[in-house]
Structures are given as C-alpha cells and as structure tokens.
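Okay, so here's the structure we're looking at.
The values are calculated or read from the model by the stated rules, or taken from the named source; none is laboratory data. Every value quoted in this text rests on a predicted model; they were computed, and no experiment measured them. Virtual Cβ from ideal backbone geometry, glycine too; neighbours counted across all protein chains shown.
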Amino acid sequence: MTEEKAIYISVHSAIITTGGRARKKKRRMSWERAGECSSSRKKRVMVLIDRTARAEQAIVWALTHVANKGDLVTLLHVLPPHCSGSAHREEETSRLIDSLGSICKAIRPQVRVEVLVIHGPKLATVLGQVKKLDVSVLVLKQSKPSPLCCMMTSSREEFVKQCIDRAECQTMAVRKQRHGVGGYLVSTRWQKNFWLLA
C-alpha cells in the first residue's frame, strides 16, 4: 500500500494527510493569498518535482505559460515505496517544499499551491493522481539525452513518454535551452522537442 502525504499550503496552516487521516500542523507559510479561492471552475496544473534544476524549470514554465490567476498548481513529489521516513529525509523534503514554494510566490502569487508527497511507484503514482485529482495539465521536466544513449531510450525518457502517452490530461515535457540559444524545448503527444522561443 502506498503512503500518501498531501500538504495543502495556506496562510495559516498546512493539512498533512497520511493514510486517509488528516491532522493540522501549524507552519509559517504564505504561499496562498487569503480570499483567492473562487467558486468558479479553475484549472489544476500538476508539476512533477524533485531536487534538480530541471524540475525548477518545469515549475517556472507551468507558472508562466499554463497557470492563470486563481488556478491551483499541484507540486507532486514521488518517493520510492521502500523509502524510510527518517528525520533527515523529512528535513530534506521540507527544505525542497519551502524553496519551490518561494519560487511560486515570487513568479505568480495569484495562483494557489499545494504539495503532494507520495511514496509509491513513480509512473503509477503520477497517472493515478492525474486521474484522481482531475488534473487539466501535467508538466514534466525533460532531461537532455545522453550521447551514450543515442541508440536506445533511457529510463527517464521512457518515463516521460509513458506519461505523455497515458496520462488522462494534456501533458507537456519541457526543457530550457542552454544559454545563448534561449527558449524551451517542449514535447507533447503530437509534437516532440518543439522549440518555443519565449
């Protein structure tokens, strides 16, 4: 059974859910402005995150190209099923959340942000959460292919391909171009490595 932690970021508290039970934990966070919630239908944009710079680029892309005022941005962090809940790992995860939350607040403070930390198989977890949460757009990081893997698909590339092909929502894999070139390479179900100069 997968262990799920859903951290809903608000001004006054975070609600942490583990195994279907919720408990409130006070945290000093201000990622979401009071009164931003709207009764009208808004998009839920999910971004798969980790501790890499590519993941930060995916968040920036989602905030600047996909999310609008009032939308909900879900940052999904998937950990291995066997990963222990040590104090060190909890601290690392907390620092990651704080760092990425600051990025979201700085770039687009008008969007609401939640963080899901889930232990489970990566692909199944992503696909399951997309369906469960009725995600509108899924944004993934896209790594630069290794020269050694030119004759075969790496596991990371295969994961991205499976998400694009199987996720029940619009899915984009993005990678920021190197300095001097600019723009992003964007892959979808219909186009691969489309260069968007923006």
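Cβ-Cβ contacts under 9 Å between residues 6 or more apart (or on different chains), taken from a first residue in the stretch 48-71 that is closer than 14 Å to V111 by Cβ to a second residue that is among the acidic types (D, E) and not in a helix (DSSP H, G or I), are listed as K69/E36; G70/E36.
Inside the stretch 128-141, residues that are under 17 Å from L75 (Cβ atoms) and either at pLDDT below 95 or part of a helix (DSSP H, G or I) (or both) make up a count of 5. Residue check: is R95 of a type outside the set (A, V, I, L, M), closer than 23 Å to V186 by Cα and exposed (fewer than 15 other Cβ atoms within 10 Å of the Cβ)? In short, no.
Of all residues in the stretch 103-129, those that are over 17 Å from M46 (Cα atoms) and free of Cβ contacts under 8 Å to residues at least 40 places away in the same chain total 1. If you filter the stretch 142-165 down to residues that are touching a helix residue (DSSP H, G or I) at 6+ places or on another chain (Cβ under 8 Å) and within 25 Å of T125 (Cα to Cα), you find that the one that is modelled with the lowest pLDDT is T153. In the stretch 166-189, the residue that is surrounded by the fewest Cβ atoms within 10 Å (Cβ to Cβ) out of those that are modelled with pLDDT of 90 or more and in a loop (DSSP other than H, G, I, E, B) is E168.
When the stretch 67-80 is filtered for residues that are more than 19 Å from S94 (Cα to Cα) and crowded, with 20+ Cβ neighbours inside 10 Å, the ones remaining, listed by number, are A67, D71, L72.
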